[in-house]
Amino acid sequence: MKKLLLLGLLFLAVLVVSCAPASLPEGVSPEDLQEATTTKEVVEGESVVPALGCLEGQQGQNGRCLVALGSQCGIDSECASGACGYNEQGLTVCKEPNQPLGSKCGINSECSSALCGINEQGQRVCEEPSQPLGSQCHIYNPQECASGVCGYNEQDLSVCKEPNQPLGSQCYLYNHQECASGLCGLNEQSEWVCEEPNQPLGSQCGSDKECASILCTPNEQNERVCEEPNQPLGVYCWSNTECASGLCQADRCT
């Protein structure tokens with residue numbers, strides 16, 4: 001019995017020795033390797049432990065696998081450079097940050113000015129913020145404008161505009177800051193204009209905010225109009241919120 005026990009212990013010792021790594025990369029301890037193997041982390045620098053799972057086009061930085069310059073990415077935090085933007089082919093790749101004014105860009109994080117805007121030629125370039133009235137801008141980037149408002153002009157170009165436009169002025173859908181009333185809505189001619197809020201029942205609308213009833217929904221003619229909520233059973237509906245029962249099925253409150 002003692003002989004069998006000794007043989008078993010000897011076998012286990014040989015097995016442990018044979019499974020241990022012969023050597024580790026310089027600066028990597030067995031503890032680092034164990035932690036990295038289970039967490040997919042890496043050590044500082046360019047050399048990557050094979051067991052860590054960093055893919056081609058990635059590099060080790062601050063204990064993580066990050067995407068290298070020129071490789072495709074989805075968000076800034078994936079990139080070793082901290083900037084994920086568009087290349088000449090329209091693909092999102094890791095790029096150098098802090099590009100100078102006038103450099104082509106796709107997102108704000110690429111630019112030293114922290115602003116990727118639109119120049120007078122309609123190109124996306126790094127720009128200074130607070131551009132004057134009439135300057136071209138990106139409709140979702142109002143910080144380009146000193147006025148804080150980027151909207152469409154009569155030529156359908158997105159430009160820096162004055163805020164607080166009067167009722168009836170053209171505005172961009174849901175770009176409420178253009179209007180003194182605080183509401184850019186849909187009028188009866190299906191045009192987006194500055195409107196008074198609290199529109200009556202049956203008024204054409206683009207959002208709930210326009211309606212006194214706080215409900216803008218398609219009617220049976222598929223026109224979006226202000227309607228009463230809490231509709232009774234059997235009435236035409238588009239969504240559950242219209243029905244007193246809280247349930248809209250097959251276009252009817254049920």
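The values are calculated or read from the model by the stated rules, or taken from the named source; none is laboratory data. Remember, it's a predicted structure, so these values are computed and weren't measured experimentally. When we count neighbours, we look across all protein chains shown, and the Cβ atoms used for this are built from the backbone with ideal geometry, even at glycine.
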Given GLY106, GLY85, which one is at pLDDT below 90, in contact with a helix residue (DSSP H, G or I) (Cβ under 7 Å, 6 or more places away or on another chain) and either exposed (fewer than 13 other Cβ atoms within 10 Å of the Cβ) or not polar (S, T, N, Q) (or both)? GLY85
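Going by the structure shown, is TYR174 under 23 Å from CYS150 (Cα atoms) and of a type outside the set (A, V, I, L, M, F, W, C)?
Spelling it out, TYR174 is indeed under 23 Å from CYS150 (Cα atoms) and of a type outside the set (A, V, I, L, M, F, W, C).
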Enumerated strands (runs of 3 or more DSSP E) restricted to the range 83-166, each holding at least 1 residues that are small (Gly, Ala, Ser) and either over 30 Å from VAL193 (Cβ atoms) or without any contact (Cβ under 8 Å) to a residue 60 or more places away in the chain (or both): 84-86, 116-118, 150-152, 158-160
Being in contact with a Cys (Cβ under 7 Å, 6 or more places away or on another chain), under 22 Å from TYR174 (Cα atoms), of a type in the set (Gly, Ala, Ser) and modelled with pLDDT of 90 or more, is that true of even one residue in the range 113-120? no
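Rundown of residues vs (1) touching an Asp or Glu at 6+ places or on another chain (Cβ under 6 Å); (2) loosely packed, with under 13 Cβ neighbours inside 10 Å; (3) modelled with pLDDT of 90 or more; (4) within 23 Å of TYR140 (Cα to Cα), yes/no style:
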site: ASN164; (1), (2), (3), (4): no, no, yes, yes
site: ASN175; (1), (2), (3), (4): no, no, no, yes
site: SER181; (1), (2), (3), (4): yes, no, yes, yes
site: GLN199; (1), (2), (3), (4): yes, no, yes, no
site: SER203; (1), (2), (3), (4): no, no, yes, no
site: CYS211; (1), (2), (3), (4): no, no, yes, no
site: LEU215; (1), (2), (3), (4): yes, no, yes, no
site: TYR236; (1), (2), (3), (4): yes, no, yes, no
Would you mind finding the one in GLY185, GLY246 that is in a loop (DSSP other than H, G, I, E, B) and either hydroxyl-bearing (Ser, Thr, Tyr) or modelled with pLDDT of 90 or more (or both)? GLY246
